[in-house]
Amino acid sequence: ETGVTQTPRHLVMGMTNKKSLKCEQHLGHNAMYWYKQSAKKPLELMFVYNFKEQTENNSVPSRFSPECPNSSHLFLHLHTLQPEDSALYLCASSQMAGTYTYEQYFGPGTRLTVT
Amino acid sequence: QKEVEQNSGPLSVPEGAIASLNCTYSDRGSQSFFWYRQYSGKSPELIMFIYSNGDKEDGRFTAQLNKASQYVSLLIRDSQPSDSATYLCAVNGFGNEKLTFGTGTRLTIIP
């Protein structure tokens, strides 16, 4: 595997379900990100992890819970979602040096539909 | 005021012509600038980055940066139908560990 991988690629879940999205990066980077992209809207940054420590939570509802066990893996745990949470969820990684971030590389995304 | 602004388009360009995409940013301390291409339903793909004033060329793509005027542009020469996509501009500010993305410009190459 190369680059940034995400599973599953597609997910349909009910509002009462609990599911998790997984991201893995094979680039040796030390920072990972979750973004949300809704139809015809710009990318929304959700969470940033730098060296496994969460450094940004962009006012994301608590029904989204991130987990970063090491610098190569990132999870997004989902529970009691709403239909408006249906979107493309993108994981990205980059190299950070201090507070400077280099280019980010994106995974293929998980298309989430909440019914 | 939006931090990174792009014309949403759509921008239509005949095949073989030069496509010019523009982006302005508000943070004068911004240090690095990125262009991503995103096909419909797919994730963004990095195509160019530039750190210094001037031009940077990579194949058919040229990124241009003017820090004094706070704009960055992307030129695509010999446009192909496969270049039809949304192009996202992203900027990294001084002391900022995240990228700020523009809303993207939708480009259509007309055969």
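Filtering A:60, A:48 for residues that are under 27 Å from residue B:39 (Cα atoms) and either assigned to a loop (DSSP other than H, G, I, E, B) or away from chain B (no Cβ under 12 Å) (or both) leaves a single hit, A:60. One residue stands out in the stretch A:31-42 among those that are at pLDDT below 90 and at the interface with another protein chain (Cβ under 9 Å from one of its Cβ atoms): the one that is least open to solvent (accessible area, probe 1.4 Å), namely A:42.
Restricted to the stretch B:63-103, and to residues there that are open to solvent by less than 50 Å² (accessible area, probe 1.4 Å) and of a type in the set (Ser, Thr, Tyr), the residue that is modelled with the lowest pLDDT is B:100.
One residue stands out in the stretch B:30-53 among those that are over 28 Å from residue A:5 (Cβ atoms), more than 11 Å from every other protein chain (Cβ to nearest Cβ) and open to solvent by 30 Å² or more (accessible area, probe 1.4 Å): the one that is modelled with the highest pLDDT, namely B:53.
Residues are listed down the side, and each one gets a yes or a no for (1) of a type outside the set (Gly, Ala, Ser); (2) touching a Ser or Thr at 6+ places or on another chain (Cβ under 8 Å); (3) farther than 18 Å from residue A:88 by Cα:
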position: A:7; (1), (2), (3): yes, yes, no
position: A:26; (1), (2), (3): yes, yes, yes
position: A:29; (1), (2), (3): yes, yes, yes
position: A:42; (1), (2), (3): yes, yes, no
position: A:56; (1), (2), (3): yes, no, yes
position: A:62; (1), (2), (3): no, no, yes
position: A:65; (1), (2), (3): no, no, no
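Against the conditions (1) open to solvent by less than 50 Å² (accessible area, probe 1.4 Å); (2) farther than 16 Å from residue B:45 by Cα, residue A:57 satisfies every one except (1). When A:74, A:81, A:112, A:90 are checked against the criterion of being of a type in the set (A, V, I, L, M, F, W, C), over 10 Å from the mean Cα position of the chain (by Cα) and within 24 Å of residue B:101 (Cα to Cα), a single residue qualifies: A:112.
The values are calculated or read from the model by the stated rules, or taken from the named source; none is laboratory data. Since we're looking at a predicted model, the values are computed, not measured. Using ideal geometry, Cβ is built from the backbone for each residue, glycine included, and neighbour counts are taken over all protein chains shown. These area figures cover heavy atoms from the full protein model, side chains too; ligands, DNA and RNA do not enter into them. Shrake-Rupley method; radii C 1.70, N 1.55, O 1.52, S 1.80 Å.
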